[in-house]
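Asker: Got a structure for you, written out below as structure tokens; questions coming shortly.
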Amino acid sequence: MPGSEETGSGPVIHDHRRIDPVTGQVRGKHAASKPAGTRGAGRPGPGTPGPEAAGTQAGGTQAGGPAEDQPEDQHDKHEERDAAATQESPEEASEMVTGQVIKDGKQAVGVEAQLAERTADLQRLQAEYANYRKRVDRDRAAVQEQAIVKTLTGLIPVLDAINQAREHGELSGGFEKVADSLLAALGRLGLVAYGEKGDPFDPKIHEALTYTDSPDVAEDTCVEIIFPGYKVGDRILRPAKVAVAAPATGPDGASNEAEWPDAEEGN
């Protein structure tokens with residue numbers, strides 16, 4: 001222990017310890033020269049924390065002290081109580097797992113049902129769109145064909161005039177080239193002329209303007225094409241106008257000539 005010095009007022013004790021017992025901090029060189037009992041030497045001054053506060057600031061509350069043990073014990077007790085409250089029996093856990101599985105299964109079934117419904121909707125929309133496209137294409141083709149038929153039908157009298165001029169030898173020069181170009185253009189649009197002398201008479205595609213009996217034919221025959229017929233594909237624009245000759249006798253050898261009654265007998 002440091003020595004004492006006699007003074008007129010009493011003994012003076014010098015504290016040479018390097019560690020301050022109050023603050024626990026290392027003292028400077030000048031601190032050792034301060035006498036014990038003076039401010040900063042052994043007793044805390046104003047505003048200086050006491051021993052309990054200094055101990056808390058330096059190293060915290062000592063391990064095992066009542067200030068530390070009591071909150072930690074209470075925290076452990078709370079955790080044990082919460083664990084006991086949350087702990088469940090195996091039966092309860094199994095029931096919860098089963099319920100969750102059932103719930104997940106119902107949700108999966110619902111999702112599959114929605115997926116099937118959406119797929120059916122998409123398939124129906126796709127089928128409707130495909131039908132719509134087919135209908136539009138069919139209508140477009142019908143409108144185009146109708147426009148072509150209407151145009152070609154209006155040009156048939158022009159073609160008749162060209163044919164008559166050709167038969168009379170009046171189609172020549174530049175007019176002939178124009179007529180040939182017109183016929184080629186109409187052919188590209190699908191116009192076809194038909195009707196030849198000697199064709200069997202067909203009332204579906206022929207129109208008989210004259211009808212005579214002839215021993216030279218065995219069936220109704222087109223002996224003259226007055227105006228040719230025109231068609232586009234299978235559609236007849238105008239039937240061929242022809243003169244028809246019928247056999248003079250029928251299959252039984254009887255004459256096909258009609259016997260007209262006299263005017264007097266008719267009266």
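The values are calculated or read from the model by the stated rules, or taken from the named source; none is laboratory data. Everything quoted here is computed from the prediction, not taken from an experiment. Here the Cβ positions follow ideal geometry from the backbone for every residue, glycine too, while neighbour counts run over all protein chains shown. Each accessible area value is taken on the protein alone, full model and side chains, heavy atoms only, with ligands, DNA and RNA left out. Shrake-Rupley method; radii C 1.70, N 1.55, O 1.52, S 1.80 Å.
Asker: If you check Ile156 against the conditions, is it in contact (Cβ under 8 Å) with a residue 60 or more places away in the chain, surrounded by 10 or more Cβ atoms within 10 Å (Cβ to Cβ), assigned to a helix (DSSP H, G or I) and not hydroxyl-bearing (Ser, Thr, Tyr)?
Answerer: Criteria met by Ile156.
Asker: So Lys197 ticks every box in (1) more than 17 Å from Thr153 (Cα to Cα); (2) in contact (Cβ under 8 Å) with a residue 40 or more places away in the chain but one. Which box is left unticked?
Answerer: (2)
Asker: Of all the residues that make up the stretch 211-253, how many are open to solvent by less than 30 Å² (accessible area, probe 1.4 Å), modelled with pLDDT of 85 or more and over 22 Å from Tyr194 (Cα atoms)?
Answerer: Of the residues in that region, 2 qualify.
Asker: List every residue pair whose Cβ atoms lie under 7 Å apart, where the two residues are 6 or more positions apart in sequence or sit on different chains, the first residue falls within the stretch 209-220 and is outside any loop (DSSP other than H, G, I, E, B), and the second residue, located anywhere, is of a type outside the set (D, E, K, R) and open to solvent by 70 Å² or more (accessible area, probe 1.4 Å).
Answerer: Cβ pairs passing all conditions: Asp213/Asn256.
Asker: Please determine whether any residue of the stretch 181-204 is of a type in the set (Ser, Thr, Tyr), closer than 12 Å to Lys241 by Cα and touching a Pro at 6+ places or on another chain (Cβ under 7 Å). I'd like the intermediate steps shown before the answer.
Answerer: Step one: of the stretch 181-204, the residues of a type in the set (Ser, Thr, Tyr) are 181, 194.
Next, only the ones that are closer than 12 Å to Lys241 by Cα stay: 194.
From the residues that got through so far, the ones that are touching a Pro at 6+ places or on another chain (Cβ under 7 Å) too are 194.
Taking every residue of the stretch 181-204 in turn, at least one turns out to be of a type in the set (Ser, Thr, Tyr), closer than 12 Å to Lys241 by Cα and touching a Pro at 6+ places or on another chain (Cβ under 7 Å).
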